Amino acid sequence: AFLNGDLEEEIYMDQPEGYISEGKEYLVCKLSKTLYGLKQSPRAWYKKIDEYFASQSLMRSHADPNIYVFKSNNGFIIIALYVDDLIIVCNNKKLLLKTKSHLATRFDMKDLGEIHYILGMQITRDRENYTIYLSQQKYLENILKRFGMEDCKPLATPLDYNSKLSRDMSPLISEEVEAMKNVPYQSAVGSLVYAMTGTRADIAYAVGVVSQYMANPGPQHWIAVKRV
């Protein structure tokens, strides 16, 4: 994606490995396009595709700058953009094919067909009942393995209502602080936040509670995270 962006600044880089000619080691390359690793690249790519969508009469949503909408008498198109992944929703097959054709003419892209998996979410469509299911089962199984919880027993509630967490449970002495240093508390809570925002709104309260102790978690806080 970033190779499509136009560079407005004057930037030079060392010659890439294997490209340097003998006796010309002192030369550098002047970039005419953005590259991965440049801090300008994400912005330049977004500007490029935003301008393209505007030229195709796709209006950027005020609620989310990564959503583009086109409406006509023939139907509507909604495009969700995530870096270089596009999810296209359309109620007119001809309009859909036309949009894909225009995109392929402008950008080097691949059509992956009907969506089944994106950003850690599995998507299952039941056309007969007009329903779409979102699931993060694979993502959740992966984070259980990462934190050594794949063999844990399931519980009905994400928080123990008999246990009240507080900052008094945070480590106070150096030995306790040192013991908690190897506990991946922040990483585990971050993984739960991603599941919560994707498909598991039911754990939102529990994740909010354990998030309050990110700065200095204690053993009781870690037990609460493992329960979630």
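The values are calculated or read from the model by the stated rules, or taken from the named source; none is laboratory data. All values derive from a computational prediction rather than experimental measurement. Cβ placement follows ideal geometry from the backbone for every residue including glycine, while neighbour counts extend to all protein chains displayed. Note: areas computed on protein heavy atoms with side chains; ligands, DNA, RNA excluded. Shrake-Rupley method; radii C 1.70, N 1.55, O 1.52, S 1.80 Å.
Calculate the spin-label point distance for LEU27 paired with VAL69, positioning each point 7 Å from the Cα along the beta-carbon direction, and give it in nanometres.
A separation of 5.3 nm, rounded to one decimal place.
Is any helix in the chain, taking whole DSSP H runs, at least 18 angstrom long along its axis by alpha carbon and on average at least 0.5 on the Kyte-Doolittle scale, and which ones?
Going by DSSP H runs, the hits are 185-198.
Can you tell me, using C-alpha contacts under 8 Å and at least 6 residues apart, the relative contact order of the chain as a whole percent?
RCO, the chain: 11 percent.
At a probe size of 1.4 Å, how large is the accessible area of VAL183, to the nearest 10 Å²?
30 Å²
For segment 1-147, report the accessible area per residue in Å² (1.4 Å probe, heavy atoms, rounded to an integer).
Result: 76 Å² of accessible area for each residue.
Sort PHE107, PHE76 by heavy-atom solvent-accessible area, probe 1.4 angstrom, most to least.
PHE76, PHE107
Using a 1.4 angstrom probe on the protein heavy atoms only, line up LYS138, LYS145, LYS71 by accessible area, largest first.
LYS71, LYS145, LYS138
In Å and whole numbers, how far do the C-alpha atoms of segment 182-228 stretch along each principal axis, longest first?
For segment 182-228, the Cα extents along the three principal axes come out at 29, 16, 15 Å.
When the chain is fully extended, how far beyond the present Cα-Cα distance does ASN129 get from ASP108, taking 0.36 nm per residue of separation?
Net length gain for the segment: 4.0 nm.
Which stretch or stretches of segment 37-62 have amide N atoms under 20 Å from the point lying 7 Å from ASN92's Cα along the Cα→Cβ direction?
53-61
Would you list HIS221, HIS102, HIS62 from the most to the least accessible area, probe 1.4 Å?
From most accessible down to least: HIS62, HIS102, HIS221.
Only four residue types carry charge here, +1 at the Cβ of Lys and Arg and -1 at the Cβ of Asp and Glu. Report the dipole size of segment 75-205 about the Cα centre in Debye, rounded to the nearest 20.
740 debye
Going toward the positive end of the dipole of the chain, with +1 on Lys and Arg Cβ and -1 on Asp and Glu Cβ, which of GLY208, ASN66, CYS90 do you reach last?
Looking along the dipole axis, the top candidate is CYS90.
Using a 1.4 angstrom probe and counting only protein chains, how large is the accessible area of GLU10 in Å², to 10?
Probe radius 1.4 Å; accessible area of GLU10 about 130 Å².
Could you size up the charge dipole of the chain around its Cα centre, putting +1 on the beta carbon of Lys and Arg and -1 on that of Asp and Glu, and report it in debye to the nearest 20?
Dipole magnitude for the chain comes out near 880 debye.
Provide the solvent-accessible area of ILE67, counting protein heavy atoms only and rolling a 1.4 Å probe, rounded to the nearest 10 Å².
Surface open to solvent at ILE67 totals about 50 Å².
If I take every Cα pair under 8 Å that is 6 or more residues apart in segment 119-167, average their sequence separation and divide by the length, what percent do I get for the relative contact order?
It comes to 24 percent, rounded to a whole number.
Please name which of CYS152, LEU172, ILE118 has its Cα lying farthest along the dipole of the chain towards the positive end, using unit charges on Cβ (Lys, Arg +1; Asp, Glu -1) and the Cα centre as origin.
The listed residue farthest towards the positive side: ILE118.
Could you work out what % of the accessible surface of the chain is carbon and sulfur, using a 1.4 angstrom probe and leaving DNA, RNA and ligands out of the count?
So the carbon and sulfur contribution to the accessible surface is 53 percent.
If Rh is defined by the Kirkwood formula over all Cα pairs and Rg also comes from Cα, what ratio Rg/Rh do you get for segment 146-228?
0.95
Starting from the Cα of LEU144, step 7 Å toward the Cβ, then list every residue of segment 198-216 with an amide N under 20 Å from that point.
Under cut-off, by backbone N: 198-204, 206-207.
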